[in-house]
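Values quoted throughout were computed directly from the atomic coordinates according to the rules given, and no laboratory measurement underlies them. Computed from a predicted structure; not experimentally measured. Note: ideal-geometry Cβ built from the backbone for every residue, glycine included; neighbour counts use all protein chains shown.
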Amino acid sequence: MEPLSIEGTAKTPTVKFDAQEGVIEIKGRSIPENSIEFYKPLVEWLEEYSTSPLELTQVNVQLEYFNTSSSKCILDVFKKLEAIHKGKNEVIINWYYEEDDEDMLEAGEDYESIIRVPFKMIEIVE
Amino acid sequence: MSFDVNEYYSKLNGGDVLIAYKGNVSSELISNVLEVVESRMDDYSEDSKIRKKVYNVLVESLQNLYHHIDVLPPSMQKEYDEKFGILVVSRVQSKYKISTGNFVTTDRVDFLKNKIDKINTMSKEELKDMYKFILNHQRLSDKGGGGLGLVDIARKTGNALDYSFHKYDDKYHFFNLDVYIDFEKK
């Protein structure tokens, strides 16, 4: 399966999805006016990946900012991961936040309470 | 006397203003505003926690405008585009103030009032629950709006949403929303 690689912009994050390594990465800013368009290929990629996932999928989410339009799309991404986890393959979501960013930590905890996948909250200390 | 948007804008645009804008709210405009405000906060050497809050709340405020402005009184259409809005970001008495304004049809006024009044009565915990409920149960609109903007703003600022409606004519009202972010963490 081909990896998915998207270069980040001022309003959209850098994306690296690698099926061989089982590593899913979303980094940067996610603040587009309409996020559905941006996240569609991500959700589709995961849909395909979920048909034959690795035993362990590691997810790294390191966002500086994300808007409420993105928050729903990120939930869609996590729901795909939840389906993989339900299928008896291990998934871990590493949620990164900067040390003073309580809002970002809380956002991670919101997802953790909705999605049945183990989360690891990782503080980035500068 | 009917509401004068230019006069209203001049009144807002005073004091320690980081940016003031009146006109068409496009995706490019939003990018430019964010860039300007980010660099202005760098000039102030603003604390990163405050900087992030202001940035986040500004994104939601601008995109709220972007998604919801679709009416303009005919008498203003000669001068302005349909996506007409105003924005002023300023510093007032140890707070950042983000003011946005746009026209709404009169039949929307009660709906908006009720929605904001309800948000303003909610505790931090209730806002969190409401946010999670909408996040998990409501679909995004075709335009990409999710109905989460105001709840998110209230949650992140910890302050009540300050609003006013000004009658323009029988069909239209001007909707002004002021959002405050404290310098000191709550």
*Is there a residue being touching a residue at least 40 places away in the same chain (Cβ under 8 Å), closer than 26 Å to B:LYS11 by Cα and either surrounded by 13 or more Cβ atoms within 10 Å (Cβ to Cβ) or of a type outside the set (Phe, Trp, Tyr) (or both) anywhere in the range B:132-145?*
no
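Looking at B:GLU35, B:GLU60 in this structure, which one is within 14 Å of chain A (Cβ to nearest Cβ), in a helix (DSSP H, G or I) and over 15 Å from the mean Cα position of the chain (by Cα)?
On the way: B:GLU60 fails: over 15 Å from the mean Cα position of the chain (by Cα).
Only one candidate passes the filter, namely B:GLU35.
Kindly provide the set of residues from the range B:1-32 that are hydroxyl-bearing (Ser, Thr, Tyr) and either part of a strand (DSSP E or B) or under 23 Å from B:MET76 (Cβ atoms) (or both), ordered by number. Break it down stepwise before answering.
First pass over the range B:1-32, keeping only residues hydroxyl-bearing (Ser, Thr, Tyr): B:2, B:8-10, B:21, B:26-27, B:31.
Listed by number, the residues that qualify are B:SER2, B:TYR8, B:TYR9, B:SER10, B:TYR21, B:SER26, B:SER27.
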*Conditions (1) more than 13 Å from the chain's Cα centre (by Cα); (2) crowded, with 21+ Cβ neighbours inside 10 Å; (3) more than 14 Å from chain B (Cβ to nearest Cβ): number failed by A:PRO32*: (3)
*Name the residues in the range B:98-131 that are within 14 Å of another protein chain (Cβ to nearest Cβ) and either buried (at least 17 other Cβ atoms within 10 Å of the Cβ) or not in a helix (DSSP H, G or I) (or both), would you?*
B:ILE119, B:LEU127, B:LYS128, B:MET130, B:TYR131
_With the structure loaded, tell me whether A:MET104 is closer than 30 Å to B:SER39 by Cα and over 12 Å from the mean Cα position of the chain (by Cα) or whether it fails that test._
yes
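Pick out the one residue from B:ILE19, B:ILE50, B:ILE69 that is crowded, with 20+ Cβ neighbours inside 10 Å and of a type outside the set (Phe, Trp, Tyr).
Details: B:ILE19 fails: crowded, with 20+ Cβ neighbours inside 10 Å; B:ILE50 fails: crowded, with 20+ Cβ neighbours inside 10 Å.
Selected residue: B:ILE69, the only one of B:ILE19, B:ILE50, B:ILE69 that is crowded, with 20+ Cβ neighbours inside 10 Å and of a type outside the set (Phe, Trp, Tyr).
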